[in-house]
1. Based on the mean of other Cβ atoms within 10 Å per residue, sort peptides 82-95, 222-235, 354-367 so the most packed one is first.
2. If r is the Cβ-Cβ distance from residue 28 to residue 284 and R0 is 22 Å, what FRET efficiency results, to the nearest 0.05?
3. Return the distance in nm (one decimal) between the two label points of a simple spin-label model at residue 389 and residue 249, each offset 7 Å from Cα along Cα→Cβ.
4. How much length is gained on full extension from residue 382 to residue 88, taking 0.36 nm per residue of separation minus their Cα-Cα distance?
5. Using per-residue counts of other Cβ atoms within 10 Å, averaged over each peptide, order 214-221, 102-109 from highest down.
6. Going by average Cβ density within 10 Å per residue, which order do the peptides 303-316, 394-407 take, highest to lowest?
7. Taking 0.36 nm per residue of separation and subtracting the Cα-Cα distance, what length does fully extending residue 313 through residue 109 add?
8. What's the percent breakdown of Cα-Cα distances in the range 73-245 across 10 Å bins, shortest bin first?
């Protein structure tokens, strides 16, 4: 489905080739692209789609059962009765999307903003309709006005309203703008398997708006909840995409502690999220420095030796987090469990960054033994299984640890990992398909057998 994303994204739009679009993976560009070149496929561009028809009606794109795209002219109005149904569906979905401990009542708290913001209200309808389209029990007053059609029409109307709103001076200070950009990203996580639309909304939407408003503007309860949820999703985006984030800079990098009258109470999720951001930033630097250094000069490069010391120091900070959290978590709630899944994934990710190259002196960089690696993979799978079965925490924030578990699995856990990813997909997050495709391609490249359990 072709639609604009990222209202602050001023870059040229680059479409995937037909083979990558059919495979639902990210296209690296070029001709032929990397995937088509590697698999000997024909690399052909997709047809260009337009956003309006001759009568001025909005055009949405709904998939056929075979996967092709069909343009459907849709009426502009949604009946008020259906709007309320979809807004209720939106509230129910948010209740099942507890990104942080304080996110549980966010649907109720957003109501006043939704009454005054057309962009936010349309987006609530879009998300609710998209969720309703996957639930047979939902009924609307118009048989031909399918929930999926309503979802994409309302999404586009919300985006258009937001783009007009962004032209107003000082609009970045509005709470509704920040929440709209954040929820646009949530819609993409549900609708688009590649995850690219979500990444663009995080980079060119919420990130830009938050920076424009400044950290001091994030003082209301509603804005604090937004920032806390954004930190979790942005940390996952940055490390999965090998990218940096503004959250690693200046005041934005400070820990956001929960305070009581006596002292500061550590929050394991906040601290491990900060370490994820630091690790992502370091990983980006490591690959840039090593790749920019000729292979024959790497073993004697002062810059690379400095990276080894910096990486060891970061590994020490991660290890210290683990020791401190073990001492303080006598009763581990679900978020504490997730923080440990992130810890195991970070260890796997950080050490693999170094073992990817052979230019390090023995004993100078972080390493894991096969026993440690296998124990971390098993722990990640157990934690993710518990979270998916027994909590309202969205499985989409488990994609990073599951990706790391899959990349390091040597004991045949692959079917379990695929099953967990399928459960996340079935819960409404289409982006889980991206991780499944990536892992299956990786396992095939490694010559590993990929078996999927029935009904997974």
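1. Averaged packing, sorted descending, gives the order 222-235, 82-95, 354-367.
2. 0.80
3. 4.4
4. 102.5 nm
5. 102-109, 214-221
6. 394-407, 303-316
7. Between residue 313 and residue 109, full extension yields an extra 69.3 nm.
8. Spelled out bin by bin, the range 73-245 gives 10, 39, 37, 12, 1 percent.
Read-outs: derived from the displayed coordinates by stated rules, not from any lab. Computed from a predicted structure; not experimentally measured. Here Cβ is always computed from backbone atoms with ideal geometry, including for glycine, and neighbour counts include all displayed protein chains.
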